[in-house]
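Trainee: Here's a structure for you.
Quick note: the coordinates plus some simple rules give every number you see, no bench work behind them. None of the values given here were measured: they were computed from a predicted structure. With ideal geometry, Cβ positions are generated from the backbone for all residues, glycine too; neighbour counts draw on all protein chains shown.
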Amino acid sequence: MSDSFLQGRSALVSGSTSGIGLAVACRLAAAGVRVAVHGLGTTEQIAAAVAAVNAAGGGEARHFGGDLRDPAAIEQLMAEVAAWSAGGPDILVNNAGIQHTAALEDMPVERWDAILAINLSSAFHSMRHALPAMAERGYGRVINIASVHGLVASKQKAPYVASKFGLVGMSKVAALEYAAQGNRASGGITVNCICPGWVETPLIEPQIEARRDGGSRDDGVRALLAEKQPSLRMSLPDEIAELAVFLCRREAHNLTGAAIPVDGGWTAQ
Ligand code: NAD
């Protein structure tokens, strides 16, 4: 459903060639937002993602590349998106992320570096580029896709948990620094984290696989949910995307500095 407040605004959604990011990009496009699709993938995957976002919205989506492990590539990405969006995106969704599970002492150093770079440092770089232009306009939304692992820990996830706790903390700092910009009419600047529990995306397939124990994929899913997520239901990417769109609306001008769990009760325990 198109939305007159969001119509014609621009968004950069990192990691929107797959999973949660793709769903967020589609929902924003459906609300009338011009979306900069970003992420890795084959030519076919990228074309399919852009086609899906265009089918959901006004047909103005474009793909931007950039490996988020590389600050110079992020600098270039933000410059290209600024040129495309007349100064910088109104909405920045830092969604791209990776995972690797292993005990701390066995964690490859290269995985630590990559997870911290993609899940945490890339959001620092994109925010420092995007926030000043948002402040000038009096409207801006930063939505950082953190995780329940930004609120509580699990074993075998040292870099992931470190990156997501860091993302939650950094988002609160940015929320405070920009809280007084804009006004109710313009929508203000807000910075929030969404903290999902298990969501049906390719990211968690290795963890499902590790719990199949000779059974089916559904057995693996059941085992995963039983460990931590009391609802015993996965979230779907579209459900996370609905919340992201709400955070972009004018009515959410005072919802800032929050880390919102969507976790079936995981962090209520
Ligand atoms: P996904 O694997 O489906 O998508 C990840 C996206 O990030 C892809 O578009 C990929 O191209 C991009 N990406 C990965 N490495 C990159 C790099 N070096 N440079 C540029 N882009 C890169 O995963 P998802 O489950 O949709 O995850 C999205 C976010 O949600 C992540 O931050 C993840 O930590 C978070 N999250 C996921 C779950 C879950 O259960 N799936 C739960 C909590 C949080």
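Trainee: Which is farthest toward the positive dipole end of the chain among Pro206, His253, Val142, measuring Cα position about the Cα centre, with Cβ charges +1 (Lys, Arg) and -1 (Asp, Glu)?
Mentor: Result: His253, furthest along the dipole toward the positive end.
Trainee: With label points built 7 Å along Cα→Cβ from the Cα atoms of Arg249 and Glu205, find their separation and express it in nm.
Mentor: It is 3.5 nm.
Trainee: On a 0 to 90° scale, report how tilted helix 158-178 is relative to the longest principal axis of the chain, with both axes built from alpha carbons and the result rounded to the nearest 10.
Mentor: 20 degrees
Trainee: Taking H as built 1.01 Å from N, whose amide H comes closer than 5 Å to the amide H of Gly15, not counting residues under 5 places away?
Mentor: Residues meeting the amide H criterion: His38, Gly39, Ala96.
Trainee: Fewest Cβ neighbours within 10 Å first, please rank Val173, Val81, Val53 accordingly.
Mentor: Exposure proxy ranking, most exposed first: Val173, Val81, Val53.
Trainee: Taking only Cα atoms, what is the 0 to 90° angle, nearest 10, from helix 217-228's long axis to the longest principal axis of the chain?
Mentor: Tilt of helix 217-228: around 80 degrees.
Trainee: Right, next: Suppose only helical runs count, i.e. DSSP H with n ≥ 4. What mean residue ellipticity at 222 nm does that imply for the chain under -39500 (n - 2.57) per run, divided by all residues and rounded to the nearest 500 deg cm²/dmol?
Mentor: Only helices count here, giving -13500 deg cm²/dmol.
Trainee: Evaluated at 10 °C with a viscosity of 1.306 mPa s, what Stokes-Einstein diffusion coefficient in µm²/s does the chain have when Rh comes from the Kirkwood expression over alpha-carbon pairs?
Mentor: Approximately 85 µm²/s, per Stokes-Einstein.
Trainee: Starting at the first residue of segment 52-60, write each ³J(HN,Hα) from the Karplus equation 6.51 cos²θ - 1.76 cosθ + 1.60 with θ = phi - 60°, in whole Hz, x for Gly and Pro.
Mentor: 3J(HN,Hα) across segment 52-60, in whole Hz: 5, 5, 5, 5, 6, x, x, x, 10.
Trainee: Still on this structure, please answer the following. Contour minus end-to-end for Ala86 and Ala179, with contour as 0.36 nm per residue of separation and end-to-end as the Cα-Cα distance?
Mentor: 31.2 nm
Trainee: Sketch the reach of a paramagnetic label on Leu236 as a point 7 Å from Cα along Cα-to-Cβ, and name the residues of segment 197-226 whose backbone nitrogen lies under 17 Å away.
Mentor: 197-202
Trainee: Quick query: amide H of Val142 versus all other amide H atoms, modeled in the peptide plane; which residues come in under 5 Å with a sequence gap of 5 or more or a different chain?
Mentor: Leu92, Thr190, Val191, Asn192
Trainee: For a quick check: with amide H placed at 1.01 Å from N, whose amide H comes under 5 Å from Ile260's, ignoring anything fewer than 5 positions away on the same chain?
Mentor: Here the answer is Cys193, Ile194, Cys195, since their amide H atoms fall under 5 Å of that of Ile260.
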